[in-house]
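Asker: First the structure, which I've put down as structure tokens, then a few questions once you've had a look.
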Amino acid sequence: MKAIEQRVRRAVRRAMENIAALGLEDYGNPHFERYSSKFFDFSELRQKMRELKGEVKNKPRIRISIKQFVNALYMEVHG
């Protein structure tokens, strides 16, 4: 059970990294606009974007809400 939870956390973290990278390249990208605030807390996503850009010297601990992500994924599939 613990291994499954860890795999889900890693997958969601990777999704956040990909969305943050997409936002760095093009803030007006339709995919970024649609999924960024739906799946993630925007302040946490913005922190990740700053980290990827190199603006942050100390890596802050970014909190990801797995529950928010799964709920948004469920709504996206059944919406």
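Asker: Considering each residue of segment 14-32, count those that are under 16 Å from Leu73 (Cα atoms), surrounded by 14 or more Cβ atoms within 10 Å (Cβ to Cβ) and not aromatic (Phe, Trp, Tyr), and give that number.
Answerer: Residues that pass the stated criteria total 3.
Asker: Inside segment 47-79, can you point out the residues that are more than 18 Å from Leu24 (Cα to Cα), surrounded by 13 or more Cβ atoms within 10 Å (Cβ to Cβ) and among the polar types (S, T, N, Q)?
Answerer: Ser65, Gln68, Asn71
Asker: For Lys38, are the conditions met, namely being of a type outside the set (Gly, Ala, Ser) and surrounded by fewer than 14 Cβ atoms within 10 Å (Cβ to Cβ)?
Answerer: It is false that Lys38 is of a type outside the set (Gly, Ala, Ser) and surrounded by fewer than 14 Cβ atoms within 10 Å (Cβ to Cβ).
Asker: What helices (runs of 4 or more DSSP H) lie completely within segment 1-74 and have 2 or more residues being β-branched (Val, Ile, Thr) and in contact (Cβ under 8 Å) with a residue 12 or more places away in the chain?
Answerer: Those helices (runs of 4 or more DSSP H) span 2-25.
Taken together, the values in this text are just the output of simple stated rules run on the coordinates, not laboratory data. Remember, it's a predicted structure, so these values are computed and weren't measured experimentally. Cβ: placed from backbone, ideal geometry, glycine included. Neighbour counts: every protein chain shown.
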